[in-house]
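Below is one structure, written out as structure tokens; comments come after it.
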Amino acid sequence: MVLEFFRSDSEGSLEKIEQQVQKMLSDNETTFQLAADAAFGRVDPGEIGKALRKSDRQVNRGERAIRRELVVHLGVAGAADFPLILVYMSIVKDIERVGDYSKNIWDLTMDGFRLAGAPDEAMWAERVERTKSLITETGVVFVERDAERAKTMLSQMDEWTDDYDDEISALVRGVPTATGAVPRALLNRYLKRITSHLMNVMTSVVMPLDRLDYWDEDKVDRVD
């Protein structure tokens, strides 16, 4: 909503920033895919470490570059665009965190965690593919300012984050020594956080500035 409000006046001057946002999301998709490939045994985690860290560093560089551009833009546009600057500052941090949690998944594989051949491999493959698609979809919704698509996706993503919480609780309440329980609880947590950060990016399309992180809270803790 707040992005749409400023679109007509600032679209030209902020085009470079939006391109960098897209590049960050693209790099995140690469980082996430590499981590997923390691988790499913398609690649050796040690061999892809350098490429994964390079992709994640590019996300971090993108965040810093956008912040510098925003400072310059604020100096030119003045206080009128200050709310817009706050929006971009918020969402680039969310995008950067997606890369961090993707790297956390890779960390699990470096400790020996694998899903290949596991009884629940198909379920995890679906969740991982869904999460990868969300990174792409977030970029599309953000660029097109597709509020209706964002609302539909936010509702679905909200349900998925509940599912992750339910499974984490089930694993915690189960047998502590159950094989694979700890990494699976962590993987649920990482996928939930990636989903939540992407939801925050989408809120810039459908909500006012003061509610950008609305979906980041559990339902019972959200302030209406």
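The values are calculated or read from the model by the stated rules, or taken from the named source; none is laboratory data. The model shown is predicted, which means the values in this text are computed figures rather than measured ones. Glycine gets a Cβ as well: all are built from the backbone with ideal geometry, and neighbour counts include every protein chain shown.
Some observations on this one:
- Selection status of residue 129, among the acidic types (Asp, Glu), out of contact with any strand residue (DSSP E or B) (no Cβ under 9 Å at 6 or more places or on another chain) and more than 15 Å from residue 201 (Cβ to Cβ): yes
- Within region 86-112, the set of residues being within 15 Å of residue 48 (Cα to Cα) and free of Cβ contacts under 8 Å to residues at least 24 places away in the same chain comprises 107, 112.
- Residue in region 78-89 that is in a helix (DSSP H, G or I) and among the charged types (D, E, K, R) present: yes
- Figure legend. Inter-residue proximity from region 41-67: first residues closer than 28 Å to residue 90 by Cα and of a type in the set (A, V, I, L, M), second residues crowded, with 16+ Cβ neighbours inside 10 Å and modelled with pLDDT of 95 or more, beta-carbon distance below 6 Å, spacing 6+ or different chains. Indicated pairs: 52/31; 52/34; 52/106; 59/24; 59/27; 59/28; 59/96; 59/99.
- Selection within region 91-122 - surrounded by fewer than 17 Cβ atoms within 10 Å (Cβ to Cβ) and either touching a helix residue (DSSP H, G or I) at 6+ places or on another chain (Cβ under 7 Å) or of a type in the set (Lys, Arg) (or both): 93, 104, 110, 114
- Any chance residue 77 is more than 18 Å from residue 24 (Cβ to Cβ), surrounded by 16 or more Cβ atoms within 10 Å (Cβ to Cβ) and either hydroxyl-bearing (Ser, Thr, Tyr) or modelled with pLDDT under 95 (or both): yes
- Residue 38 surrounded by fewer than 17 Cβ atoms within 10 Å (Cβ to Cβ) and out of contact with any Gly (no Cβ under 8 Å at 6 or more places or on another chain): no
- Some residue of region 10-18 being within 20 Å of residue 136 (Cβ to Cβ), at pLDDT below 90 and buried (at least 17 other Cβ atoms within 10 Å of the Cβ): yes
- Residues in region 138-180 that are at pLDDT 90 or above, β-branched (Val, Ile, Thr) and closer than 30 Å to residue 15 by Cα: 138, 140, 141, 152.
- Being more than 23 Å from residue 129 (Cβ to Cβ), of a type in the set (D, E, K, R) and in a helix (DSSP H, G or I) is a description that applies to residue 54.
- Residue within region 192-213 that is crowded, with 20+ Cβ neighbours inside 10 Å, modelled with pLDDT of 90 or more and small (Gly, Ala, Ser) present: yes
- Taking the listed residues 97, 130, 114, 149, the one that is of a type in the set (D, E, K, R) and not in a helix (DSSP H, G or I) is 114, with no other qualifying.
- Annotation note: Cβ proximity below 8 Å between a residue of region 118-131 that is under 12 Å from residue 184 (Cβ atoms) and at pLDDT below 95 and a residue that is part of a loop (DSSP other than H, G, I, E, B) and of a type in the set (Val, Ile, Thr) (sequence gap 6+ or interchain) occurs for no pair.
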